[in-house]
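Enquirer: Quick one: this structure, given as structure tokens, is what I'll be asking you about.
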Amino acid sequence: MTLPLAIDLSSVTSQTFVVGVLVVAGIYALVALGLQLNVGYTGISNFGAAAFMAIGAYTMAVLVVKAGFSFWLAFPLAIGAAVLFGVLIGLPSLRLRADYFAIATLAMAEVVRLFAQNARGLTGGNQGLFCDLSGGHGCYTDTWNNFASSINDFLGNLGWSGSSTGSGAASWDGPNSLFPLLIVVWVAVILVTFALVYITRSPWGRVLRAIREDEDAARALGKNALSYKLQSLAIAGAIGAFAGMFYAIELTTVHPLDFQPLFTFFAFGVLILGGLTSYWGVPLGAILLMVIIEGSRYVDLGLSEPKVASLRFALIGLILILLMAFRPQGMFGKREEMVLGE
């Protein structure tokens, strides 16, 4: 079915489209939840989210493919590596003023990406990292594929069986190959959201907000502002690594070009759409942004592909500009939360 506006509804309602969009939206939601803790509650502008993702993804893949670690052991070790990186970067850079800290984190994200691009023996360089082609430890997705098969078997026992990769309406007859990842990613999003809501309502979270609004006053009350900022950055690093590993599973490879600063900027777009200090607004903002980005691919305006791609990003920019002009707190944010201390 095609409307006069040349929008192909069969494409945007297919299981392939819906599952793919929701998986990526869930990954962006995880990254933006970590940024929400940093920006919305602690008042630190962290532009290094892509670095946390890259460290999580590469550490997991290298440990499995190169060192032969179990996938389930590599998973927490990758999160620990991202937390350690966040602490090591935060110790010197959190003493900088807000704008300089943003520049420092953005620069470190690029350092991580360029290191992965040039450390060919460890990360595969521009070829990426997926399998041990020498016949050693296999692929880092092997364990996940077995786990996904068990989820599909469970869905089959419930009556939803078959394999679906088509783009038409019939593609809903069976679960898409990414459907198990969709389930796991969104379970992770819900659990992380609940956890962040809980800890930010605790005395620890109230200290974060005090630091955000007036760091000098918080110090005068005996609070170690640097320690609390480091904790906030470390938690965001753990969440970012979590998202990075899901991203690596979704792409079935780890490549340096997948962790460019653009990913961090999109995560900030999710944060703006959802609203500052609104954890539950983040997943909705991620879904909205991904639907706009991916759904606009199927709007036929009679233009060449490069022009359509530019128009899509211009549309996203226009939406964000209008939102900042008429509702700067985002869809679910509170305007009073934006009054930060100088």
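FYI, it's all coordinate maths here, none of it is from the lab. Remember, predicted model here, so these are calculated numbers, not experimental data. Don't worry about glycine lacking a Cβ; one is built from the backbone with ideal geometry, like all the others, and counts go over all protein chains shown.
Enquirer: Under the Kirkwood approximation applied to all pairs of distinct alpha-carbon atoms, what is the hydrodynamic radius of the chain in Å?
Expert: In the chain this quantity evaluates to 21.2 Å.
Enquirer: In the chain, if the dipole is taken from +1 on Lys/Arg beta carbons and -1 on Asp/Glu beta carbons about the Cα centre, which of Gln260, Phe130, Ala234 is farthest to the positive end?
Expert: Going by the charge dipole, the pick is Ala234.
Enquirer: What is the Cα coordinate range of the range 202-335 on the first, second and third principal axes, sorted by size from largest, in whole angstrom?
Expert: So the three principal-axis extents are 63, 40, 21 Å.
Enquirer: Here's a follow-up. Please tell me the relative contact order of the range 201-312 in percent, rounded to the nearest whole number, where contacts are Cα pairs under 8 Å and at least six residues apart.
Expert: Over the range 201-312, the number comes to 10 percent.
Enquirer: Please state the relative contact order of the range 22-169 as a whole percent: Cα pairs under 8 Å, 6+ residues apart? Spell out each step's value before the answer.
Expert: Numbers: 124 pairs, mean separation 36.5, N = 148.
25 percent.
Enquirer: Let me ask another. Could you list which residues have their amide H under 5 Å from that of Tyr279, counting only those 5 or more apart in sequence or on another chain, with H placed in the peptide plane?
Expert: none
Enquirer: Moving on to the next point. Step by step: find N for the range 53-145, compute 2.2 N^0.38 Å, then divide the Cα radius of gyration by it. What's the final number?
Expert: On the way: Rg = 15.2 Å, N = 93, 2.2 N^0.38 = 12.3 Å.
Taking the Cα Rg and dividing by 2.2 N^0.38 Å, one obtains 1.23.
Enquirer: Starting from the range 200-272, pick out the trypsin sites (Lys or Arg not before Pro) whose DSSP state is loop and whose Cβ has at most 16 other Cβ atoms within 10 Å.
Expert: Details: sites: Arg201, Arg206, Arg209, Arg212, Arg219, Lys223, Lys229; in loops: Arg201, Lys223.
When the trypsin sites (Lys or Arg not before Pro) of the range 200-272 are filtered for loop state and at most 16 Cβ neighbours within 10 Å, Arg201, Lys223 remain.
Enquirer: If one puts a single equal scatterer on every Cα of the range 11-52 and applies the Debye formula without solvent, what log₁₀ I(q)/I(0) results at q = 0.15, 0.28 Å⁻¹?
Expert: At q = 0.15, 0.28 Å⁻¹ the computed log10 ratios are -0.48, -0.89.
Enquirer: What Rg and what Dmax come out for the range 197-255 when only alpha-carbon atoms are used, in angstroms?
Expert: 15.9, 50
Enquirer: Along the charge dipole of the chain, which of Leu320, Pro180, Gly205 sits closest to the positive end, that is, farthest toward it, with unit charges on the beta carbon of Lys, Arg, Asp and Glu (+1, +1, -1, -1)?
Expert: Gly205
Enquirer: Relative contact order for the chain using alpha-carbon pairs under 8 Å, separation at least 6, rounded to a whole percent? Before the final figure, lay out each step's value.
Expert: Working: 540 pairs, mean separation 112.0, N = 342.
Dividing the mean separation by the residue count of the chain yields 33 percent.
Enquirer: Counting only helical runs of four or more DSSP H residues, what would the 222 nm mean residue ellipticity of the chain come to if each run contributes -39,500 (n - 2.57) and the total is spread over all its residues? The partial results should precede the final answer.
Expert: Working: 14 runs with 223 residues, N = 342.
Mean residue ellipticity at 222 nm (helix-derived): -21500 deg cm²/dmol.
Enquirer: Placing +1 at every Lys and Arg Cβ and -1 at every Asp and Glu Cβ, with all other atoms neutral, what dipole size does the chain have around its Cα centre, in debye to the nearest 20?
Expert: On the way: 18 positive and 19 negative charges, 165 e Å.
It comes to approximately 800 debye.
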